[in-house]
1. Percent antiparallel among DSSP beta bridges with both residues in the chain, to the nearest 5?
2. Starting with the fewest neighbours, write out Asp394, Asp113 ranked by other beta-carbon atoms found within 10 Å of each beta-carbon.
3. Using the 2.2 N^0.38 Å rule of thumb for compact globular proteins, work out how the stretch 258-304 stacks up: its C-alpha Rg over that value, please.
4. Give the Rg (one decimal place) followed by the Dmax (whole number) of the stretch 265-352, computed from C-alpha coordinates and expressed in Å.
5. Calculate the FRET efficiency for Ala44 and Glu313 from the Cβ-Cβ distance with a Förster distance of 41 Å, rounded to the nearest 0.05.
6. Once you have the Cα-Cα distance between Val330 and Ala217, take 0.36 nm times their residue separation minus that, and quote the gain in nm to one decimal.
7. Going highest first, how would you order 61-70, 332-341 by mean Cβ packing within 10 Å?
8. Given the options Ala361, Thr306, Ser261, identify the residue whose Cα lies farthest towards the positive end of the charge dipole of the stretch 238-362 (+1 on Cβ of Lys, Arg; -1 on Cβ of Asp, Glu).
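No value in this document is a laboratory result; all are computed from the given coordinates. Quantities reported herein were computed from a predicted structural model and do not represent experimental measurements. Quick reminder, even Gly has a Cβ in these numbers, built from the backbone with ideal geometry, and neighbours come from all protein chains shown.
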Amino acid sequence: MESWRFTAGTKTCVLRRAPSLEMMAGRPMDHGGEAALIRAARAAGVMAPEVLVELAPDDGIGSGYVMRAISGSPDPNAFLAEADPALAIRDIARELVATHRTDCTGLPVPVMDTAEALGALRERFLEYGGDRPILALALRWLEANIPPPVTPRLVHGDFRLGNLMFEHGRLTGVLDWELAHLGDWHEDLAFGCMTVWRFSRPDRPGYGLTTVEELAAAYEEAGGDKFDPDRFRFWTIYRTFWWALGCLQMGGYWRAGHDRSVERVVVARRTAEQELDLLLLLEDMAPEAERSRPLPPAAEPLPATTGEPSGAEILTAISEWLGSEIKPLVSGRGKFDLAVARNALGIVAREIEQRPSATDAELSADLMSGKADLATPGLLARLRRMALAKLAADMPKYPALAAARAKWEGN
């Protein structure tokens, strides 16, 4: 989705729209339903934005709606640097509870059936090749551990840092409601606690602020239902697997021409982040002998180039030129796009320098069928090495990578 900030008279507004109508195809809730839900959540006490008007077909600018802008910033790292964790986690818990208590009667909010949703994820995984072993391992675990149904509540679906507005360390708004549905409220807590959404604080599982236990206590103190750690674990693994597929899907959007931005293809490579996180979540299933097994040796680096520059060196030269000569000339969105482009060049350069294969169809099939699991001698060590090597090539600055290296390699 696109968000455009603009001024209309004395009002500062934000237009939320789909960059193409194709991106709305198959969505269970259109922008009209989303706008109605945001109004209901706001009426229920959630710090949701005020919807001013919905786009009509004859407006000629696509599908979407206009909101009054909320003060503050969604920048996660700025928020984590200035927030008082105790106050901020209470703000987050309060908004979560208010969201989960919103009455959706008469609203076109889809109801999530966990087994059906997981079946759809399986189909997507197979459509994308079905050949990523760590994702296959996660899928097998999820299918064996579906929790019993609960009374459905409104689930925001994307309640995380980056979609929350903050000012002076306090929460001022809850944005991005397009994934809302009726389901298990633990999903919202789990999604916000995923490693990828802790940003600069991967060591603090509760929204980058605190522990999961303290988040659960704040949620219950705000009037929420009793926290179930087993449900939380299921939804943490589910949404990490879901986001891994979401990253892969970005490559499909680019190939189909729906969004030909460099950002799309770079985000598709963030699948490696989720594979590392999934393995960290699942490795405790392995026997102690496998958890303590040393990793296989890392691949030897390519010999230093002494003659003509390699392809990787040429890409590095282009990136350095963009940083030194072009970066000072751009601002705003252009600066962001330039950073994404340089990141893309780095990914390609590292791939040339021996990025390991991301796929193994035979092993993935064995993991999905149960023929192989984490008790298989040497498999966990192999998957650990694979996850480290792939992430080092695709997203070497991912904060959790250093912690995983220290845990698995002992350095």
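1. Of all bridge pairs located within the chain, approximately 95 percent are antiparallel.
2. Asp113, Asp394
3. Compactness ratio reported: 1.77.
4. Cα radius of gyration and Dmax of the stretch 265-352 are 18.7, 56 Å respectively.
5. For Ala44 and Glu313, the calculated efficiency is 0.10.
6. 36.1 nm
7. 61-70, 332-341
8. Result: Ser261.
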